[in-house]
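Data first, discussion second: the structure below is written as structure tokens.
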Amino acid sequence: MIIDGKKISSLLVEEVKEEISAIKKKTNKSPSLSVILIGDFVPSQIYVQNKKKKSLEVGINSEVIRYSKEISEKEVIKKINELNNKKEVSGILVQLPLPDQINKEKIINAIHPSKDVDGFNPLNVGNLASGYKAIIPCTPLGCLLLIKNIESNLSGKHAVIVGRSNLNGKPMAQLLLKENCTITIAHSKTKALKDICAKADILVVAAGVSNLVKNDWVKKGAIVIDVGINKIKDRLVGDVDFNDVKDKAKAITPVPGGVGPMTIACLLKNTLECFKKQNS
Ligand code: NAP
């Protein structure tokens, strides 16, 4: 089965849209997302434009604050503080990557945890790790929703996650642990990676290495989630060799059209959740 991320994400987007419309009718208020974009890195510009377009489509007010790549860290933090204090701003997102003079950690720490729609602030990271209520990073949240769309009870499953980034691998592991999976986290120093992957009931790959996972890395009947986005010439490919693996897996996400659309849908969901919490 090929997991249709476009279809599943559009259902989630529709849900968010309906809820925002109902809130607006009742209160005349709606969520608002401020995105800070620094520099002229083309993929970041495309991501931000897309986020703005999708936000507006569901009724989230969206503004993009643009800075040149020479902007100082102090100026950006000043802006974040201003947005933290603005009651009408529900969510703040600083598009990564950042120019060298700006410390990513300081920027992430500056965003108030209640407006941290990306779920990167250490308070949200800690809450997720402790099993408390947290804002969950959009991509792993999207992956979990895709997995649960295939199988609702994940208890006792062996989940292997390839990649240990703060953005993907680590929060993915926390989410699947919360679902009572048994977790293995693999990374670039892992030995016998193929053998480890071949034991997974659920295999999530977020390594950023094109076509890393082949047919004999996958257990028959596994759920395979491919987070990777790699450009080969003009084509996007994932970290899983899709054609090689698709007939062995029970379910697999394609690239594009798998995890990608879920990421944006979860950003909209997170913005709505922040708004609701701030107004409750
Ligand atoms: P990252 O920060 O570069 O982390 C990559 C992780 O993979 C690291 O933990 C690294 O290990 C591990 N790794 C690298 N090569 C490996 C190998 N050969 N074998 C095993 N592990 C290996 O990347 P990321 O930000 O998590 O992103 C991963 C991929 O997801 C990228 O292709 C990115 O473009 C994509 N992505 C997609 C979405 C989406 O919406 N679909 C969103 C975000 C990211 P070490 O820790 O040992 O270095």
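With a cap of 12 neighbouring Cβ atoms within 10 Å, and only residues DSSP puts in a loop, list the trypsin sites (Lys or Arg not before Pro) found in segment 92-165.
Passing sites in segment 92-165 are LYS133.
What net charge do the residues around GLY221 carry, taking every other residue with its C-beta under 10 Å from that of GLY221, with Lys and Arg at +1 and Asp and Glu at -1?
Cβ neighbours under 10 Å give a net charge of +3.
Taking every pair of Cα atoms in segment 157-274, average 1/r, invert it to obtain the Kirkwood radius, and report Rg/Rh to two decimals.
Value, to two decimals: 0.96.
So if I take the centroid of the Cα atoms in segment 242-280 and the same for segment 29-89, what is the distance between those two points in Å?
21 Å
Where both partners of a DSSP beta bridge lie in the chain, what percent of those bridges are antiparallel, to the nearest 5?
Here the antiparallel bridges make up roughly 10 percent for the chain.
What is the percent carbon and sulfur in the accessible area of the chain, measuring with a 1.4 Å probe over the protein chains and ignoring ligands?
53 percent
Per DSSP helix of 4 or more residues, -39500 (n - 2.57); summed, then divided by the residues of the chain. What does that give at 222 nm, rounded to the nearest 500?
The helix contribution divided over the chain gives -13500 deg cm²/dmol.
No partner Cβ under 4.7 angstrom, meaning no disulfide-compatible partner by this rule: which Cys of the chain qualify?
CYS143, CYS181, CYS197, CYS274
So how strong a dipole does segment 146-193 carry about its Cα centre when Lys and Arg Cβ are +1 and Asp and Glu Cβ are -1, to the nearest 20 debye?
It works out to roughly 220 debye.
Which order, highest average first, do 65-72, 28-35 follow once you tally other Cβ atoms within 10 Å for each residue and take the mean per peptide?
Averaged packing, sorted descending, gives the order 28-35, 65-72.
Over all alpha-carbon pairs in the chain, figure out the percentage whose distance exceeds 34 Å.
Tail of P(r) above 34 Å: 20 percent of Cα pairs.
Send over the semi-axes of segment 1-142's equivalent ellipsoid, whole angstrom and largest first, taken as the square roots of 5 times the C-alpha gyration tensor eigenvalues.
After scaling each eigenvalue by five and taking roots: 25, 18, 18 Å.
Hey, can you find the accessible area per residue of the chain for me, probe 1.4 Å, expressed in square angstrom?
50 Å²
Can you list, bin by bin at 10 Å, the percent of alpha carbon pairs in segment 2-45, starting at 0?
Calculated over all Cα pairs of segment 2-45, the distribution is 22, 26, 34, 18, 0 percent.
Leaving ligands, DNA and RNA out of it, rank PHE120, PHE275, PHE41 by accessible area with a 1.4 Å probe, largest first.
Ranked list, largest accessible area first: PHE41, PHE120, PHE275.
Within segment 164-220, what is the number of lysine pairs with alpha carbons under 25 Å apart, leaving out pairs fewer than eight places apart on the same chain?
23
For LYS29, which aspartates and glutamates qualify as cross-link partners when the Cα separation must be under 17 Å and same-chain residues fewer than eight apart are set aside?
GLU18, GLU19, GLU57, GLU63, GLU88, GLU273
With the contact rule set at Cα under 8 Å and sequence spacing of 6 or more, what percent relative contact order holds for the chain?
RCO, the chain: 21 percent.
The values are calculated or read from the model by the stated rules, or taken from the named source; none is laboratory data. Nothing here was measured: the structure is a model prediction, and the numbers come from that model. Reconstructed Cβ throughout: ideal geometry from the backbone, glycine too, with neighbour counts over all protein chains shown. We work out accessible area using only protein heavy atoms, side chains counted, and drop any ligands, DNA or RNA first. Shrake-Rupley method; radii C 1.70, N 1.55, O 1.52, S 1.80 Å.
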